[in-house]
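Notes follow once the structure below has been shown.
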Amino acid sequence: MVSSVKAKSRSSSSRAEMVVVGRGGREESMSLDQFHREQAGRSYRPSNGEEGNDFAEAFCDVCNHGGACRIADAAFWLPETDPGYPAEWIYAADGSGPTCTAFDAVGGKT
């Protein structure tokens, strides 16, 4: 189990890999899929602006909540440890990666 979500992306030609700081400060390499499975159910916070933009494009930009949704604003301004940090942004329970549980696709498409 990963004790810290301090991960750095490292890309390779065939698959995405991560370097994860585990218990005791030891670094270990794992696939992005494995990282998502280990984080399943935990709170999600983009690690950088590019990851945040990718998440917004996949969810926020095509969601019926649109500008009325306060989830993205709260995720941007609040630390993940704050009680007001959105519980909707999590790593999916099926291990498929980050998701927003409040997502309501425009036109009903997912």
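Entry remark, segment 96-110: residues being more than 11 Å from the chain's Cα centre (by Cα) and assigned to a loop (DSSP other than H, G, I, E, B) number 6 in total. Screening segment 31-47 for residues that are modelled with pLDDT of 90 or more and among the polar types (S, T, N, Q) and picking the one that is surrounded by the fewest Cβ atoms within 10 Å (Cβ to Cβ) gives 43.
Identify, please: which residue in segment 59-78 is in a loop (DSSP other than H, G, I, E, B), more than 16 Å from the chain's Cα centre (by Cα) and at pLDDT 90 or above and is, among those, surrounded by the most Cβ atoms within 10 Å (Cβ to Cβ)? Residue satisfying both the conditions and the ranking: 64.
If only residues of segment 90-110 that are farther than 20 Å from residue 35 by Cα and not acidic (Asp, Glu) are counted, the one that is surrounded by the most Cβ atoms within 10 Å (Cβ to Cβ) is 103. Counting only residues that are part of a helix (DSSP H, G or I) and without any contact (Cβ under 8 Å) to a residue 40 or more places away in the chain, segment 34-50 holds 5 of them. With respect to the conditions (1) assigned to a helix (DSSP H, G or I); (2) surrounded by fewer than 17 Cβ atoms within 10 Å (Cβ to Cβ); (3) touching a residue at least 24 places away in the same chain (Cβ under 8 Å), residue 87 falls short on a single one, namely (1).
Considered as a group, the residues in segment 19-30 that are touching an Asp or Glu at 6+ places or on another chain (Cβ under 9 Å) and either within 30 Å of residue 84 (Cβ to Cβ) or modelled with pLDDT of 90 or more (or both) include one that is surrounded by the most Cβ atoms within 10 Å (Cβ to Cβ), and that residue is 20.
The values are calculated or read from the model by the stated rules, or taken from the named source; none is laboratory data. If you're wondering where the values come from, they're calculated on a predicted model, not measured in any experiment. Don't worry about glycine lacking a Cβ; one is built from the backbone with ideal geometry, like all the others, and counts go over all protein chains shown.
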